[in-house]
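Here is the structure we will look at.
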Amino acid sequence: ISCPSEHLCVAGTDDGLLVSTDPTGGAAAWVTSATVPEDPGFGAAVHGVACASVSFCVAIGPDSILTSSDPAGGASTWTVSAISLPSTEYLDGLACGSASLCVAVAASTKLHAPGVAPRGGRVFSSTDPSGGASAWRSAVLHDVADYAYCLPGECVLATQDGDIQIGRASCRERV
């Protein structure tokens, strides 16, 4: 869920995006706004939402990124871009520090041996999140990112084995 103001919240669900302009107004105040393309094993689940402002929100499904400059405007105001991922990966985390800096992290469906940290995670970053799939750069990391948080000019990734990676402007790994 992301609430860029007291009058707008956008939430990801197993069936798509819910939006409310009156988040404390009860269940009736929440309406379905958009759905992601159906994915085997995930359905139309939205795995992350990040609203940098009331006029810019991004959401992710297993293999798609949705953007809107009018998140409360209904399904027609959301643009869906398919992201190419290996069959064993899916988008699972999202953070936006501004309308010009977002990252999405991929998780893996592969099982790992107990006590062994997974390797070779993927992160997508964009300085133009609403620019379609080609505006998102993919990078393979040594570790698998578990969580991302962004401020306007900087992102932090926490990995499954406890490392912290910091990047500026486009969230590239810094040594």
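The values are calculated or read from the model by the stated rules, or taken from the named source; none is laboratory data. Remember, predicted model here, so these are calculated numbers, not experimental data. For neighbour counting, all protein chains shown are included, and Cβ atoms are generated from backbone atoms with ideal geometry for every residue, glycine included. Calculation scope for accessible area: heavy atoms of the full protein, side chains included, ligands and nucleic acids excluded. Shrake-Rupley method; radii C 1.70, N 1.55, O 1.52, S 1.80 Å.
Exactly one residue out of 65, 83 is in contact with a Phe, Trp or Tyr (Cβ under 7 Å, 6 or more places away or on another chain) and over 24 Å from residue 3 (Cβ atoms), and it is 83.
Scanning segment 9-43 for residues that are touching a strand residue (DSSP E or B) at 6+ places or on another chain (Cβ under 7 Å) and among the hydrophobic types (A, V, I, L, M, F, W, C) gives 9, 10, 11, 17, 18, 19, 29, 30, 31, 34, 36, 42. Would you check if residue 4 is open to solvent by 30 Å² or more (accessible area, probe 1.4 Å), touching a residue at least 24 places away in the same chain (Cβ under 8 Å) and of a type outside the set (Gly, Ala, Ser)? Yes; evaluated as a whole, the condition is true for this residue.
If you go through segment 14-29 and pick out every residue that is in contact with a Gly (Cβ under 9 Å, 6 or more places away or on another chain), surrounded by 13 or more Cβ atoms within 10 Å (Cβ to Cβ) and outside any strand (DSSP E or B), you end up with 1.
Residue check: is residue 11 part of a loop (DSSP other than H, G, I, E, B) and within 22 Å of residue 149 (Cα to Cα)? So residue 11 does not fit the description; no. Taking segment 119-154 as the range and being among the aromatic types (Phe, Trp, Tyr) and part of a strand (DSSP E or B) as the test, the residues that pass are 124, 147, 149. Look through 126, 134, 87 and report the one residue that is under 25 Å from residue 35 (Cβ atoms), among the polar types (S, T, N, Q) and open to solvent by less than 20 Å² (accessible area, probe 1.4 Å). The match here is 126.
Considering every residue within segment 92-104, establish whether at least one is open to solvent by 40 Å² or more (accessible area, probe 1.4 Å), over 18 Å from residue 133 (Cα atoms) and under 18 Å from the mean Cα position of the chain (by Cα). No; the residues of segment 92-104 include none that is open to solvent by 40 Å² or more (accessible area, probe 1.4 Å), over 18 Å from residue 133 (Cα atoms) and under 18 Å from the mean Cα position of the chain (by Cα). Within segment 30-49, one or more residues are part of a strand (DSSP E or B) and within 13 Å of the chain's Cα centre (by Cα).
The residue pairs whose first member lies in segment 13-24 and is over 21 Å from residue 60 (Cβ atoms), whose second member is modelled with pLDDT of 90 or more and open to solvent by 40 Å² or more (accessible area, probe 1.4 Å), and whose beta carbons are closer than 6 Å, counting only pairs six or more residues apart or on different chains, are 21/7; 21/72. Each residue in segment 53-63 was checked for being of a type outside the set (D, E, K, R) and surrounded by fewer than 21 Cβ atoms within 10 Å (Cβ to Cβ), and 3 pass. Checking each residue in segment 50-63 for being part of a loop (DSSP other than H, G, I, E, B) and over 18 Å from residue 127 (Cβ atoms) picks out 54, 62, 63. Within segment 73-89, no residue that is modelled with pLDDT of 95 or more sits with its Cβ atom under 8 Å from a residue that is exposed (fewer than 12 other Cβ atoms within 10 Å of the Cβ) and among the aliphatic types (A, V, I, L, M) at 6+ positions apart or across chains.
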